[in-house]
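Here is the structure we will look at, set down as structure tokens.
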Amino acid sequence: MAFKTRVTEMLGIEHPIVQGGMQGVGVAELASAVSNAGGLGTLTALTQPSPEALREEIERCRSMTDKPFAVNITILPTIQPPDYKGYAQAAIDGGVRIIETAGSQQVREIWEMVKPHGIKILHKCTAVRHALSAERHGCDIISIDGFECAGHPGEDDIPGLILIPSAADKVKIPMLASGGIGDARGFVAALALGAEGINMGTRFCATREAPIHDNIKQLYVNNDERGTNLIFRKFRNTARVGKNSVSDKVVEISARPETEFEDIRPYVSGALGREMLKSGDVDQGIFWAGMVQGLIHDIPTCRDLIEGIVGGAEAIVKERLGQMLG
Ligand SMILES: Cc1cc2nc3c(=O)[nH]c(=O)nc-3n(C[C@H](O)[C@H](O)[C@H](O)COP(=O)(O)O)c2cc1C
């Protein structure tokens with residue numbers, strides 16, 4: 001049993017289920033496990049210290065799966081920008097067929113680089129107007145991220161139940177629904193709302209193959225749907241992260257009118273967050289997490305997760321909805 005959509009056709013995958021780019025998490029073990037289970041796994045370029053290291057990671061991933069996988073390139077505001085084009089060149093040279101991009105308009109330079117090589121471009125955005133702009137500029141698939149999502153939900157605060165059908169009304173290229181999806185119900189809902197597949201982040205962090213300490217995986221299971229904080233709102237770079245003592249502190253400091261970024265910088269270091277995923281110290285730094293934590297109750301393999309979603313979706317459509325129709 002498989003759900004066939006334009007997304008499965010364009011990407012050459014069995015199930016329209018994508019593991020989104022995840023800083024510190026999107027390495028070969030996870031990406032290959034998702035791809036081997038029939039979804040699309042994604043290596044996160046900036047998790048690698050250099051384009052050269054990404055080249056090696058692509059080779060490592062290819063040795064672990066013969067299925068398609070993607071490379072994510074995320075462009076965010078930073079004082080010392082990494083060599084984005086170098087990472088894109090590594091993906092091109094490594095024979096990667098799918099790129100997932102996210103972030104500022106600068107991603108268009110990456111699209112121009114990869115497009116002539118026939119690479120499919122999957123672009124993540126958080127607003128209908130951004131999706132339309134990406135479509136005009138030659139993207140192949142949109143991943144539309146609702147307010148529930150882990151990471152950067154944008155500044156409009158539109159949840160998926162509104163954002164996905166609003167985008168589906170206007171965008172002609174295929175769309176993945178992203179943010180707040182973790183089980184068969186979310187998958188069926190996304191298809192019903194007009195998407196042709198789903199993108200998940202947080203749910204894939206609580207899988208056996210995710211390169212994350214067991215304490216942190218358990219935190220994703222233990223937290224409920226209230227287990228997130230929004231930070232950086234003041235700086236128009238809103239981020240949804242997991243609730244712990246560090247993100248609570250950042251919220252508390254940010255509520256003071258005089259707060260500047262320097263006041264919170266020591267708490268929000270990306271290096272500390274990455275270290276936390278390895279050490280298992282749940283209060284070491286900030287960690288990315290979405291509201292979907294409320295729907296995460298176990299730590300399955302990627303294969304069990306994906307097959308459970310697809311099988312559960314079939315049961316919902318044929319049995320639950322079928323019976324309602326009579
Ligand atoms: C641990 C973690 C790290 C992430 N890092 C990135 C990233 O580097 N680039 C990016 O585009 N999105 C990143 N995201 C967002 C995911 O790709 C995805 O869009 C989001 O998690 C979807 O929402 P969900 O968590 O509710 O499924 C990250 C998410 C998580 C949970």
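The values are calculated or read from the model by the stated rules, or taken from the named source; none is laboratory data. In this text the structure is predicted, and so the values were computed from the model without any measurement. Glycine gets a Cβ as well: all are built from the backbone with ideal geometry, and neighbour counts include every protein chain shown. Surface areas here come from the heavy atoms of the whole protein model, side chains and all, with no ligands, DNA or RNA. Shrake-Rupley method; radii C 1.70, N 1.55, O 1.52, S 1.80 Å.
If R0 equals 35 Å, the separation of the Cβ atoms of residue 155 and residue 283 corresponds to a calculated FRET efficiency of about 0.80. Under a 5 Å amide H cut-off, with hydrogens placed 1.01 Å from N, residue 69 pairs with 97 among residues at least 5 apart or on other chains. The Cα-based radius of gyration of segment 1-61, divided by its Kirkwood radius, gives an Rg/Rh of 1.04. What the phi angles of segment 6-11 give under the Karplus curve with 6.51, -1.76 and 1.60, with θ = phi - 60°, is a coupling list of 4, 5, 5, 5, 5, 8 Hz, glycine and proline written as x.
If a/c stays under 1.5 just call it rounded; otherwise compare a/b with b/c (prolate if a/b is bigger, oblate if not). Do that for segment 74-135, with a ≥ b ≥ c from the square roots of the Cα gyration tensor eigenvalues. Oblate shape, in that a/c is at least 1.5 and b/c is the bigger or equal ratio. If you wrap segment 110-226 in the convex hull of its Cα atoms and look at it from every side, the mean projected area works out to 8.5 nm².
Computed in the context of the full set of protein chains, the accessible area of the chain at 1.4 Å probe radius has 53% of its extent on carbon or sulfur. Considering every alpha-carbon pair of segment 214-292, the percent of pairs per 5 Å bin, from zero through the bin containing the longest distance, is 3, 16, 28, 26, 16, 8, 3, 0.
Per residue, the chain exposes 43 Å² of accessible surface when a 1.4 Å probe is rolled over the protein heavy atoms with every protein chain present. The slack between residue 208 and residue 185, meaning 0.36 nm per residue of separation minus the straight C-alpha distance, is 6.1 nm. Modelled spin-label separation between residue 76 and residue 117, with each label point placed 7 Å from Cα along the Cα-to-Cβ direction: 2.5 nm.
For segment 294-300, the Karplus equation 6.51 cos²θ - 1.76 cosθ + 1.60, evaluated at θ = phi - 60°, returns couplings of x, 10, 9, 10, 8, 10, x Hz by residue, with Gly and Pro reported as x.
The alpha carbon gyration tensor of segment 1-160 gives principal lengths a ≥ b ≥ c with a/c below 1.5, which makes the shape rounded.
Spin-label pair residue 256-residue 97: with each label point 7 Å from Cα along the Cα-Cβ axis, the two points sit 5.5 nm from one another. Extension gain, residue 275 to residue 236: 0.36 nm times the residue separation minus the Cα-Cα distance gives 11.4 nm. Under the rule a/c < 1.5 gives rounded, and otherwise a/b versus b/c splits prolate from oblate, where does the chain land using the Cα gyration tensor? Taking the square roots of the gyration eigenvalues as a ≥ b ≥ c, the chain is rounded.
Applying the Karplus relation 6.51 cos²θ - 1.76 cosθ + 1.60 with θ = phi - 60° to segment 192-208 yields 3J(HN,Hα) values of 5, 7, x, 7, 10, x, 10, 10, 10, x, 3, 4, 6, 5, 9, 10, 4 Hz, where x marks Gly and Pro. Between amide H atoms placed 1.01 Å from N, distances below 5 Å from residue 280 occur with 213, all of them 5 or more places distant or on a separate chain.
Residues whose amide H comes within less than 5 Å of that of residue 151, counting only those at least five positions distant or on another chain, are 240, 289 (H built at 1.01 Å from N in the peptide plane).
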